[in-house]
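**Q** Okay, handing you the structure first.
Read the figures in this text as sums done on the coordinates, not as results from a lab. Just so it is clear, the model here is predicted, and its values are computed rather than measured. Quick reminder, even Gly has a Cβ in these numbers, built from the backbone with ideal geometry, and neighbours come from all protein chains shown.
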Amino acid sequence: MSSDTPPRPQKRKHRQQKYRREWEEANQWLDRVPEDDYKANCKACRRTFSVSHGGLSDVKQHAAGDLHSRNIRTQRSQAPVSQFFIAETSPEIDSITAAEVTQVYHTVKHNLSYNSADCGHKLNQKTLSDSKMVKKMTLGRTKQEALVKDVLAPKAVGDVLKILTSPPLPSPYRPMLPIKGTGRCFPLLSSTSLQSLVSPTKCWTS
């Protein structure tokens with residue numbers, strides 16, 4: 001090769017682009033891929049794509065795609081799923097639970113059916129649509145029955161047993177059986193036998 005021949009220009013190596021957190025400010029659907037700095041994750045499409053070639057241009061190209069546009073429209077049209085759930089650490093959970101138990105107590109006290117109470121609650125959700133508490137309350141038949149058996153019944157029976165077994169026991173609360181012809185009475189149940197004979201489940205579900 002002649003010494004006068006000019007050297008061939010070397011090809012410029014393309015520098016790969018890494019994912020950048022600042023892209024997320026304008027693209028809330030975007031997230032990084034923990035194990036790969038050269039890829040991005042689309043939360044709307046539930047897929048990853050490479051950003052190593054064009055960086056932000058790759059992000060814009062993905063955002064302009066038909067599939068991504070459809071997924072974004074669908075995501076915006078749906079209500080957030082989180083509004084239907086209550087976190088265990090939420091400060092409002094005690095208030096909502098108390099409201100549910102109170103509503104079930106009202107149903108039992110007035111001899112209403114579980115179905116009618118459930119229907120009434122659904123009506124409240126429509127007529128009181130601006131109430132966040134009413135939206136998050138659930139009063140299906142199965143839940144109402146569980147609240148009666150597991151919450152209200154044990155509480156009520158426990159209160160009665162406390163009165164009957166606490167010495168000194170007031171005479172109006174002591175079960176008494178009259179002795180015919182004598183004008184006298186004797187206790188029908190002793191304090192020690194009350195606890196073994198009274199069952200919360202039997203009292204409320206028989």
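**Q** Taking 20 °C and 1.002 mPa s as the conditions, I'd like the Stokes-Einstein D for segment 14-53 in µm²/s, using the Kirkwood hydrodynamic radius from alpha carbon pairs.
**A** For the chosen part, D equals 209 µm²/s.
**Q** Moving on to the next point. Once you place label points 7 Å from the Cα toward the Cβ at ARG15 and LEU128, how far apart are they in nm?
**A** Those two pseudo-labels are separated by 6.2 nm.
**Q** Could you tally the net charge around LEU152, taking each other residue with its Cβ under 13 Å from the Cβ of LEU152, Lys/Arg +1 and Asp/Glu -1?
**A** Charge balance near LEU152 sits at 0.
**Q** So if each residue of separation counts as 0.36 nm, and I subtract the Cα-Cα distance between GLU35 and ASN111, what length gain in nm does that give?
**A** Working it through step by step, the gained length comes to 21.3 nm.
**Q** Around LEU139, under 10 Å between beta carbons, what's the net of Lys plus Arg minus Asp minus Glu among the other residues?
**A** That sum, taken over residues with Cβ under 10 Å, equals +1.
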